[in-house]
């Protein structure tokens, strides 16, 4: 599809282990995101969703490496562009919102400066004064009260919600088309979480931003996203419109996730309903979920299922024995 | 100043300062009584006349009880009287007044060189962990710490002054330009002593900061590598660097005594050693005191620097 | 055992072996003067040449190593024992013993290491005994700081709490339970402290305050060689190289030990 803003094709990420060998943590992962669209990437911790997000901008930790695949964005393959071209994309065309806003801000720099420096890094020739003025405007846009006074504060002097607003302001400062958000509300108080999600929704509408939201919280996906991709052990196991996936999950893992949630209107957090624990993502053949899956058989343990659309209606799932479409399993 | 100081902190810090300074004077006072036998006799040597010994004993008040002697010592110090040099026949305060700026200038030049060496080396190593450059930089502290400061001075002297003949071999010159020229080799030596300690701590601090989230976040905002490294990462290692320097200050400052001697710089370290050679007790005692006061003041400065460098620091809770 | 530690130990063994076997390795007596052959260059008879009194530099180098290594290692013992004991007491009992020890420590650390050592040796009179006293008077503070910090951490751990709850007397908890567990850091520090101490002995020798001539000592040899730096540099540089190699060996051992203990 040519109207895709971002397309990840066959992404494979490996990490150097303590023993020195390289272990895959993301396998053959593909996803696409249209302009203005919001995609939720859900999964338990360790499923590779944050690694995927970081790989898009080549922000992997030192041990991590993109072993294969393409990250197509605005006609370039971000997995291969030169560092200097990547710099224009980072913060310029793609903004990032992090899980822990306190850790994502330089503790020794005034928060306003941290927004202004993004403007100066991307706005060729923006003077210090212009950057300052625009930073103030951005701070108002993310609904921070008393922008002038707030500009001069340090991160530790702000509340968690205020810090996350600063991070968001710095992420949108250079006018990006896409926002990557890694668990943007997890570190925040419950009352603040909702405000931040509302703010993200408003900014998306105003600025026409696409959003890739990584979270373990199904409620956040339900509230924020158009489509959802479920990750398990380094692979996407199910993908489709939020309404469709939530109403009629096809992968047994997804059903387990939703089953763990009390209701569709107010789904809770992961994942009490599934016995066992997620294995580390290995290269071994077979479905990684098979040991925990009630429907698994010999084929599941030997042949890796691929993400495939069903013959009839419904969305794709990587399962040899998918749940029948139209079975509202999420309401258990 | 970015951080804050509370009034309680300032009061507590000053009280501690006063106590340490008092203790330091007790120690320098006690120095005289470490001298075996009659200090005046021992220090003046076998050729001194009875009159000379009696004069010095009276001058030091050796016949009076210790607390009275100590009170007299502190009283003299409070009047700015640091004793009299037997050898120079001059007040020690004046001699130190002339020598101290030389030592401070050497330290300043050394600090500039030390920073100029340490920061790039630490950056080089920390941005390439486990690679050859890193191993090389990590070997520097090991090799450097095993060298006596005066040995490093010898080598520099041998290479730059005696072989290449590009810099003066010693002395201090008489013009500001000559002063500066004379300070290059001693400053390099000071830097050579400081660099191992500084590189080691800066590298560790940088590694920690570079692995931190805000460096990734700054990179994700599209800042240049230089800005991420210098403005964000390096800036965040300044606090640990200052504290390591403060902890090692005693060792580093002590090294300057010998360095001044190697290069014949007329600083307080050289004054101390000429005092020792001439058995000039008042000089030894007062220079020792001045060194301790220097450490105390620089440590106070380091504490204030924490508050200046890190807005999160609230000294005094 | 890390490679660094092994290399350091091997290097130190070579140095120690050489100075121990000095009479076998050197053809000359270190004090034997030969005023007809002063400041001679290297020759078959004198591998490193002779000094300003015609003494064999190689022989002096080896015998000097005996003095420096022996004093360096021995001088660390007293600060180690005294400093660690004070650290144990301060950390375990807290309260006024802690306050008193730490205030004295504050005062000692206000003096630059070399300055205080030099001043104390000067007051006591130059010589080996004075060096021991001066290094003990100044050197205990590092051990006290390290051990006190370790004790403060260990006190909160289960085994000390259990020993206290079992009603064991304080001295027994200190000696049988705490000391073996908290001293490893002090031992690692002792390795780097030996380097500092040897450097201090050498520096005192260089300043004329250490081992008194004509007994050979690296620092004193460097002082004696300094005037001849431009015409006969081996006089000052040979003992310097000896110091540097010894310091490197000990630093490697310290680094290796620290890495091995995961510090």
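The values are calculated or read from the model by the stated rules, or taken from the named source; none is laboratory data. Please read all numbers here as calculations on a predicted model, not as lab measurements. Glycine also receives a Cβ, built like all others from the backbone with ideal geometry; neighbour counts cover every protein chain displayed.
Structure notes:
- Filter result for residue A:245 (in contact with a strand residue (DSSP E or B) (Cβ under 6 Å, 6 or more places away or on another chain), modelled with pLDDT of 85 or more and either within 27 Å of residue A:10 (Cβ to Cβ) or in a loop (DSSP other than H, G, I, E, B) (or both)): yes
- A count restricted to the stretch C:111-130 and to residues that are outside any helix (DSSP H, G or I) and either surrounded by fewer than 24 Cβ atoms within 10 Å (Cβ to Cβ) or more than 7 Å from chain B (Cβ to nearest Cβ) (or both) stands at 3.
- Test: residue A:53 is within 14 Å of chain B (Cβ to nearest Cβ), buried (at least 18 other Cβ atoms within 10 Å of the Cβ) and out of contact with any helix residue (DSSP H, G or I) (no Cβ under 8 Å at 6 or more places or on another chain): yes
- Qualifying residue in the stretch B:114-131 (condition: in contact (Cβ under 8 Å) with a residue 24 or more places away in the chain and over 28 Å from the mean Cα position of the chain (by Cα)): yes
- Test: residue in the stretch C:200-208 that is under 16 Å from residue C:51 (Cβ atoms) and at pLDDT below 85: no
- Among the residues listed as B:180, B:210, B:157, B:202, the single one being more than 18 Å from the chain's Cα centre (by Cα) and surrounded by fewer than 17 Cβ atoms within 10 Å (Cβ to Cβ): B:180
- Selection status of residue B:124, within 14 Å of chain C (Cβ to nearest Cβ), farther than 30 Å from residue C:234 by Cβ and at pLDDT 85 or above: no
- Just so you know, in the stretch C:210-227 the residues that are part of a helix (DSSP H, G or I) and away from chain B (no Cβ under 11 Å) include one that is surrounded by the fewest Cβ atoms within 10 Å (Cβ to Cβ), and it is C:227.
- Selection within the stretch B:263-317 - more than 14 Å from chain A (Cβ to nearest Cβ), closer than 19 Å to residue B:8 by Cα, part of a helix (DSSP H, G or I) and in contact (Cβ under 8 Å) with a residue 24 or more places away in the chain: B:299, B:300, B:302, B:303, B:304
- Index of the failed condition, residue B:81 passing every other in (1) within 24 Å of the chain's Cα centre (by Cα); (2) away from every other protein chain (no Cβ under 14 Å); (3) in contact (Cβ under 8 Å) with a residue 40 or more places away in the chain: (3)
- None of C:147, C:108 is more than 14 Å from every other protein chain (Cβ to nearest Cβ), under 25 Å from residue B:17 (Cα atoms) and within 20 Å of the chain's Cα centre (by Cα) except C:147.
- Test: residue in the stretch A:180-192 that is within 12 Å of chain B (Cβ to nearest Cβ), more than 23 Å from residue A:88 (Cα to Cα) and modelled with pLDDT under 95: yes
- Within the stretch B:194-226, tally of residues that are assigned to a loop (DSSP other than H, G, I, E, B) and either touching a strand residue (DSSP E or B) at 6+ places or on another chain (Cβ under 6 Å) or more than 18 Å from residue B:129 (Cβ to Cβ) (or both): 4
- Sole residue being without any contact (Cβ under 8 Å) to a residue 40 or more places away in the chain, more than 17 Å from residue C:220 (Cβ to Cβ) and surrounded by fewer than 15 Cβ atoms within 10 Å (Cβ to Cβ), chosen from C:70, C:26, C:40, C:10: C:10
- Within the stretch B:18-51, tally of residues that are away from every other protein chain (no Cβ under 13 Å), part of a helix (DSSP H, G or I) and more than 17 Å from residue B:283 (Cβ to Cβ): 2
- Any chance residue B:242 is modelled with pLDDT of 85 or more, in a helix (DSSP H, G or I), more than 7 Å from every other protein chain (Cβ to nearest Cβ) and touching a helix residue (DSSP H, G or I) at 6+ places or on another chain (Cβ under 8 Å): no
- Candidates are the residues of the stretch B:131-157 that are within 14 Å of chain C (Cβ to nearest Cβ) and in a loop (DSSP other than H, G, I, E, B); the one that is farthest from residue B:229 (Cα to Cα) is B:148.
- Failed item in (1) surrounded by fewer than 22 Cβ atoms within 10 Å (Cβ to Cβ); (2) under 15 Å from residue C:111 (Cβ atoms); (3) over 15 Å from the mean Cα position of the chain (by Cα), with residue B:284 passing the rest: (1)
- Residues (more than 7 Å from every other protein chain (Cβ to nearest Cβ) and under 19 Å from residue C:56 (Cα atoms)) located in the stretch C:238-258: C:238, C:239, C:241, C:242
- Candidates C:172, C:148 - the one that is out of contact with any strand residue (DSSP E or B) (no Cβ under 8 Å at 6 or more places or on another chain), over 20 Å from residue C:248 (Cα atoms) and free of Cβ contacts under 8 Å to residues at least 24 places away in the same chain: C:172
- Any hit, the stretch A:79-98, residues being free of Cβ contacts under 8 Å to residues at least 60 places away in the same chain, buried (at least 22 other Cβ atoms within 10 Å of the Cβ) and away from chain B (no Cβ under 11 Å): no
- Counted residues, the stretch C:97-110 - those being in contact (Cβ under 8 Å) with a residue 12 or more places away in the chain and assigned to a loop (DSSP other than H, G, I, E, B): 0
- Count - residues of the stretch C:209-224 that are at pLDDT below 85 and more than 15 Å from residue C:124 (Cα to Cα): 3
- Scanning the stretch B:36-55 for residues that are touching a residue at least 60 places away in the same chain (Cβ under 8 Å) and buried (at least 18 other Cβ atoms within 10 Å of the Cβ) gives B:39, B:43, B:44.
- Criterion: closer than 18 Å to residue A:181 by Cα and in contact (Cβ under 8 Å) with a residue 12 or more places away in the chain - qualifying residue of A:11, A:33, A:29: A:33
- Some residue of the stretch A:129-140 being closer than 23 Å to residue A:212 by Cα and within 11 Å of chain B (Cβ to nearest Cβ): no
- Taking residues in the stretch B:214-238 that are more than 9 Å from chain A (Cβ to nearest Cβ) and buried (at least 18 other Cβ atoms within 10 Å of the Cβ), and partners anywhere that are part of a loop (DSSP other than H, G, I, E, B) and modelled with pLDDT of 95 or more, not one pair has Cβ atoms closer than 6 Å while being at least 6 places apart or on different chains.
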